[in-house]
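Down below is the structure, laid out as structure tokens.
Readers should treat all values here as calculations from the given coordinates under stated rules, not as data from a laboratory. Remember, predicted model here, so these are calculated numbers, not experimental data. Cβ placement follows ideal geometry from the backbone for every residue including glycine, while neighbour counts extend to all protein chains displayed.
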Amino acid sequence: MPAEPGRTVRAAGGALWRPAADGGIETAVVHRPRYDDWSLPKGKPEPGEHPLQTAVREVEEETGLQVVVGRRSVRTQYQVPEGPKRVDYWLMRVVGGGFRANREVDELRWLPVDRACALVTHPHDRAVLADLARTDVPREPTLLLVRHARAGSRADWDGPDELRPLEHRGRQQARRLAEVLPLFGPTAVLSARPTRCRDTVAPLAQRLGTVVGEAPELGEEEFTADPRAGLATVERLLRPVDAGEGRPAVTVVCSQGGTIPSVLTELGVRWDGVPARAHPPAAKGSTWVLGGRPGALAADYHRDLWADPEDPAP
């Protein structure tokens, strides 16, 4: 679908990688006959897609490879005939599939990152590959920290607050989480005690074929009473645990707005999105994608998972 004149052309893609025999990594670059260039797989969104969904779909369509999403990479911006173009990239571990030439890509090469940088045609792709080569932060997250979705007003609920359910909007948010978060390859789903927390991640657990486990120490009341216990749980979940084939286990935890900012602050996460904001944000239905440890932590915030984070939610 062509962009409107004057509007930014949006796209998303992936920096693919796999372990190499020498203990390093290899990355995949593709040749596009239409442009006669070597680049990274990417493409434009279909209606209703979040950029993460676009990135995975385009990678799989262009390369035939199956991937698990890792750390957010850089955003590139450059001019194309239609106007300014913005491409969001994620690092992606290849876990299956195989390349077949198609109308968009006629060749794929696996190369060490330095050789891939030398081969790609465009400087903006080299910036993404340089990010892939970083070793100061992990390429893959181990914890997705979710704040519960929208619940009905406390003033309108006459039962115990712990049992307050999601409202219609909150159930929409929960379904959206279940559509997008599986792209990170989560292996477990945990929740604080309140019903609104468990109901936020119940559709995700169902999609993954698992059950919602318990993380009571990350509820607001429990965390206030014993923050050390909550922080210990988060630090444990951040530590990489092999989930098979060398991949780290990824845990989704649903918590509350009185807990998440405090946890992130203790981990050293700083937020520059709003001037003079003291704590990192945690909007209802939001997700923090975390990997590493304090001092070497990758932290990426998704305020919501609608079609585009910069557009208003439907």
Cα-based shape type of the chain, given that a ≥ b ≥ c are square roots of the gyration tensor eigenvalues and the cut on a/c is 1.5: prolate
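So what's Rg/Rh here for region 143-302, counting alpha carbon atoms and using the Kirkwood radius for Rh?
Working: Rg = 15.1 Å, Rh = 15.9 Å.
Reported Rg/Rh (Cα atoms, Kirkwood Rh): 0.95.
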Filtered trypsin sites (Lys or Arg not before Pro), region 103-149: DSSP coil and at most 10 other beta carbons within 10 Å: 103
Label-to-label distance, nm, for residues given as residue 168 and residue 102 (7 Å Cα→Cβ offset): 3.8
Label-point separation, residue 118 to residue 297 (7 Å along Cα→Cβ), nm: 3.9
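Using a cut-off of 12 Å between beta-carbons, work out the net charge of the residues near residue 251 (Lys and Arg +1, Asp and Glu -1, residue 251 not included).
On the way: positive: 236, 239; negative: none.
Spelling it out: positives minus negatives among the neighbours equals +2.
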Pairs of alpha carbons in region 59-161 whose separation is greater than 19 Å (percent): 62
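I need 304, 88, 156 ordered by Cβ neighbour count within 10 Å, fewest first. List each step's numbers first, then the result.
On the way: 304 19, 88 22, 156 8.
By the 10 Å Cβ count, ascending: 156, 304, 88.
What number, in percent, do you get for the relative contact order of the chain if the mean sequence gap of Cα pairs under 8 Å and at least 6 apart is divided by its residue count? Write out the running numbers ahead of the final one.
Details: 671 pairs, mean separation 56.9, N = 314.
Normalised by residue count, the contact order of the chain is 18 percent.
Once you order the gyration tensor axes a ≥ b ≥ c over the Cα atoms, which shape class does region 9-132 get: rounded for a/c under 1.5, otherwise prolate or oblate by comparing a/b with b/c? Display every interim value, and only then the final one.
Values: a/c = 1.37, a/b = 1.28, b/c = 1.07.
Rounded, since a/c falls under 1.5.
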Spacing of the two label points (7 Å from each Cα toward its C-beta) at residue 20 and residue 211, in nm: 4.5
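So if I place +1 on the C-beta of Lys and Arg and -1 on the C-beta of Asp and Glu, and nothing else carries charge, what would the dipole magnitude of the chain be about its Cα centre? I want it in debye, nearest 20.
On the way: 42 positive and 44 negative charges, 29 e Å.
Its charge dipole is roughly 140 debye.
Work through the residues other than residue 194 whose Cβ is under 11 Å from its Cβ and net out their charges, Lys, Arg +1 and Asp, Glu -1.
-2
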Segment residue 77-residue 236, extension gain: residue separation times 0.36 nm, minus the distance between their alpha carbons: 53.5 nm
Average projection area in nm² (convex hull over Cα atoms of region 79-230, one quarter of hull surface): 14.6
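If Lys and Arg each add +1 and Asp and Glu each add -1, what is the summed charge of the other residues whose beta carbon sits under 15 Å from the beta carbon of residue 266?
Counting the neighbours of residue 266, the net charge comes to +1.
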